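These notes concern the structure reproduced below.
The values are calculated or read from the model by the stated rules, or taken from the named source; none is laboratory data. Just so you know, these numbers come straight off a predicted model, no measurement behind them. In this analysis, Cβ positions are derived from the backbone assuming ideal geometry, glycine residues included, and neighbour counts consider all displayed protein chains.
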Amino acid sequence: MSLTTSQKRIIFGIAIVFILFLILAFSFRKPKVQTISLTIWALEDNQKTFKPILDQFRVLYPNVKINYVLKDEATLEEDYIKALADNNPPDLFMIYDSLLPVFWNRIYFFDLSREKNFNAFYLQQVYPDNIIKRILPENRYLAGIPLYIDTLALYYNQDIFNYLNIPLPPKNWSEVINLIPKIRKVNQRGQIERSAIALGTINNVDNLKDILAMFLFNFGNYIIKDNKQSTLTEKSAQEAINFYLQFSNPKSLSYTYNENFPSSLKSFAEGKTAMVLGYYTDKKIIESYNPLLNYKVTYLPYLKSAETKINYPKSLLVVVSNRSSKVNLALTFLKFLSQSQTAELYFTLTGKPPARRDLIQAHLNDPKSGVFIQQILTSKFFYQFDSKKIEEIFKTLLEEIVYQNYSVDQALKRAKDRFEFYWQQNND
């Protein structure tokens with residue numbers, strides 16, 4: 001049966017409408033968004049801990065996927081070099097402030113002079129002066145964003161203090177020394193069974209480099225000057241080293257610790273020593289040894305007066321690799337990390353002392369990390385041209401005095417020469 005002219009027109013009209021409908025449907029269809037990947041290497045927090053922060057970033061940037069990889073500090077540099085050889089470096093990675101000089105030539109520095117809102121002035125309002133000097137060279141180039149600023153404090157065993165009727169922790173180093181005869185426990189063979197404080201040794205004091213630097217600072221010695229000249233031959237350095245060594249010197253009235261003890265944090269966790277210096281982040285280590293330990297934390301003891309005390313910090317930074325092909329997107333992530341809401345979330349997730357001024361103010365009296373937070377603004381970093389080399393220099397210094405019969409003065413002169421040699425070598 002043949003179609004009439006009117007029927008043909010109707011069918012043709014329907015076809016036209018259907019075609020137009022298809023064209024419009026495809027026109028309004030959302031184009032598929034391409035996913036962009038960023039890889040970040042972390043040092044402390046596992047993926048589960050950091051995930052809420054990554055989720056918040058994905059809310060703002062749903063097309064960005066972040067590959068979060070936990071690394072070991074001991075192999076970080078080796079892993080990075082291998083990743084470069086494989087042409088697969090991370091876009092961002094975390095480093096401690098002490099590692100900044102080692103990775104200096106591998107970091108992408110952002111010129112903030114043209115940034116309207118995220119510039120040097122903004123960062124100086126947000127972060128304390130001590131960390132600004134680390135992350136903002138020349139007040140213009142951004143090296144990275146700090147996740148936290150931790151400080152050394154005094155951990156003490158509450159059960160031991162209670163048993164010995166010591167109601168309050170020591171406020172200064174004179175009080176620490178005066179407590180040694182009361183806390184120290186010696187057996188019939190003259191061996192120390194319980195130490196008052198884990199200090200003075202070479203191989204079993206955790207955070208040794210930082211503790212020695214802290215004593216040097218508080219005796220008025222700044223280790224190395226901007227002109228590459230070490231100050232370790234000054235009298236203040238001798239005083240600091242002698243003060244540290246007295247705790248492991250059997251001839252000293254302050255003798256309380258030796259190399260027979262396990263590492264200081266483990267010794268403290270096992271109740272073999274009553275006091276230890278440590279960071280907030282050391283809580284995790286202590287509790288891994290002994291989750292039932294009854295301990296408390298108080299401020300780092302002062303030497304001369306509380307007003308002149310210099311606290312010692314460490315900070316974890318997020319930096320961008322200069323081999324990343326996505327530096328602009330990586331900068332966006334750094335800006336996100338610097339925001340107050342993100343930093344507050346990180347503090348909520350980890351409890352680690354915040355780096356932002358406003359969060360320092362808000363959490364000064366936090367029951368868990370308030371002691372560490374209250375010490376941030378009076379803490380001092382020092383330029384570590386090579387963190388591992390500096391630790392070696394400090395250990396060699398102590399070994400020459402303890403085991404090789406060098407005088408403190410002679411050992412410090414040799415340490416000064418090593419400082420200046422390695423400084424020159426790392427800055428040529």
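Number of residues in the range 376-411 that are within 28 Å of the chain's Cα centre (by Cα), buried (at least 20 other Cβ atoms within 10 Å of the Cβ) and aliphatic (A, V, I, L, M) equals 5. Listed by first and then second residue, the pairs linking a residue in the range 312-338 that is crowded, with 21+ Cβ neighbours inside 10 Å to a residue that is modelled with pLDDT under 95 and basic (Lys, Arg), with Cβ atoms under 9 Å apart and 6 or more places separating them unless they lie on different chains, are Ser315/Arg134; Leu317/Arg134.
Among helices (runs of 4 or more DSSP H) lying entirely in the range 109-201, which contain 2 or more residues that are under 23 Å from Thr332 (Cα atoms)? It would help to see each step written out before you state the result.
Details: elements: 120-126, 129-135, 158-163, 173-183.
In the range 109-201, the matching helices (runs of 4 or more DSSP H) lie at 120-126, 129-135.
Evaluation of Gln361 against the conditions (1) within 18 Å of the chain's Cα centre (by Cα); (2) part of a helix (DSSP H, G or I) shows that the sole unmet condition is (1).
Just one of the listed residues (Asp79, Asp129) is of a type in the set (Asp, Glu), in contact with a strand residue (DSSP E or B) (Cβ under 8 Å, 6 or more places away or on another chain) and modelled with pLDDT of 95 or more, and it is Asp79.
The set of residues in the range 245-303 that are touching a Lys or Arg at 6+ places or on another chain (Cβ under 8 Å), within 28 Å of Asn46 (Cα to Cα) and either in a loop (DSSP other than H, G, I, E, B) or assigned by TED's automatic domain parsing to the domain that holds Lys368 (or both) comprises Pro262, Tyr279. The residue list Ile166, Ile223, Ile202, Ile177 contains one member that is at pLDDT below 95 and buried (at least 16 other Cβ atoms within 10 Å of the Cβ), which is Ile223. Among the residues of the range 266-288, are any modelled with pLDDT of 95 or more, closer than 30 Å to Leu38 by Cα, in contact with a Phe, Trp or Tyr (Cβ under 7 Å, 6 or more places away or on another chain) and of a type in the set (Ser, Thr, Tyr)? The answer is yes, given that some residue of the range 266-288 is modelled with pLDDT of 95 or more, closer than 30 Å to Leu38 by Cα, in contact with a Phe, Trp or Tyr (Cβ under 7 Å, 6 or more places away or on another chain) and of a type in the set (Ser, Thr, Tyr).
Of the residues that make up the range 230-241, is at least one closer than 30 Å to Lys283 by Cβ and either within 23 Å of the chain's Cα centre (by Cα) or not hydrophobic (A, V, I, L, M, F, W, C) (or both)? Checked the range 230-241: no residue is closer than 30 Å to Lys283 by Cβ and either within 23 Å of the chain's Cα centre (by Cα) or not hydrophobic (A, V, I, L, M, F, W, C) (or both).
Please verify whether Ala343 is in a helix (DSSP H, G or I), under 16 Å from the mean Cα position of the chain (by Cα) and not assigned by TED's automatic domain parsing to the domain that holds Ala237, treating the condition exactly as stated. Step through it out loud before you land on a result.
Working: in a helix (DSSP H, G or I): yes; under 16 Å from the mean Cα position of the chain (by Cα): yes; not assigned by TED's automatic domain parsing to the domain that holds Ala237: yes.
The answer is yes for Ala343.
Could you tell me whether the range 17-36 includes any residue that is surrounded by fewer than 17 Cβ atoms within 10 Å (Cβ to Cβ), at pLDDT below 95 and part of a strand (DSSP E or B)?
So in the range 17-36, the residues surrounded by fewer than 17 Cβ atoms within 10 Å (Cβ to Cβ) come out as 17-36.
Add one more test, that the residue is at pLDDT below 95, and what stays is 17-36.
Next cut, part of a strand (DSSP E or B) only: 36.
Yes - at least one qualifying residue is present in the range 17-36.
Confirm whether Glu138 is over 21 Å from the mean Cα position of the chain (by Cα), farther than 22 Å from Ser325 by Cα and modelled with pLDDT under 95. Before you say what the answer is, go through the steps one by one.
Numbers: over 21 Å from the mean Cα position of the chain (by Cα): yes; farther than 22 Å from Ser325 by Cα: yes; modelled with pLDDT under 95: yes.
When the stated conditions are applied, Glu138 passes them.
Within the range 347-368, the set of residues being of a type in the set (A, V, I, L, M) and either modelled with pLDDT under 95 or in contact with a Gly (Cβ under 7 Å, 6 or more places away or on another chain) (or both) comprises just one member, Leu364.
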